[in-house]
Amino acid sequence: MRKASKSLDSEVLKEGLEYKVGGNNKKLHQLLSDEQDGYRAYTGRRFSATETGEIDHFNPELKSTEEDNYHNWFVCVSRWNKRKGGTKRWAKFQPVLY
C-alpha cells in the first residue's frame, strides 16, 4: 500500500483552503487528489472513471473542529469512507489505520 504523505509546500496550505461542511469543496478535492497522484487513500489503487471519490476526514472525531485541517484530509473511494464511518466505527479501525 502507498503512503499518502502531506507536504508543507502544499497548494492547499498556500491557498488557505478549508473544508466546508455542506459546501463546495471541489477545488480542495482536486488539489488533494493531485497531491495523492490519483491514488486512493486506504486501498492505494488509482481512481477509475467509474468510482466516486470524496474527501475523507481520516480522524472523524476532528471533523468540524479547530483541529480539523489539511493533515486530516484525504481523497478516497466513497464506499470505503462510508465503511470506515464516523466516530463509532472509527474506534474499530483506528489500530489498523494508525
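The values are calculated or read from the model by the stated rules, or taken from the named source; none is laboratory data. No experiment lies behind these values; they were computed from the predicted model shown. Neighbour counts are summed over all protein chains in view; Cβ atoms, including those assigned to glycine, are modelled from backbone coordinates with ideal geometry. Surface accessibility is based on the protein's heavy atoms, side chains included, excluding ligands, DNA and RNA. Shrake-Rupley method; radii C 1.70, N 1.55, O 1.52, S 1.80 Å.
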So, of the residues in the stretch 1-55 that are over 23 Å from E66 (Cα atoms), of a type in the set (D, E) and part of a loop (DSSP other than H, G, I, E, B), which turns out to be least open to solvent (accessible area, probe 1.4 Å)? E51
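Just to be sure I understand, how many residues within the stretch 35-68 are touching a residue at least 12 places away in the same chain (Cβ under 8 Å) and either of a type outside the set (A, V, I, L, M, F, W, C) or farther than 21 Å from S7 by Cβ (or both)?
Of the residues in the stretch 35-68, the ones touching a residue at least 12 places away in the same chain (Cβ under 8 Å) are 35-36, 39-44, 47, 51-61, 63-64, 68.
Okay, now just the ones that are also either of a type outside the set (A, V, I, L, M, F, W, C) or farther than 21 Å from S7 by Cβ (or both), so 35-36, 39-40, 42-44, 51-54, 56-57, 59-61, 63-64, 68.
Looking only at that region, the number is 19.
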Can you report the number of residues in the stretch 10-63 which are out of contact with any Cys (no Cβ under 7 Å at 6 or more places or on another chain), of a type in the set (F, W, Y) and closer than 14 Å to W80 by Cβ? 3
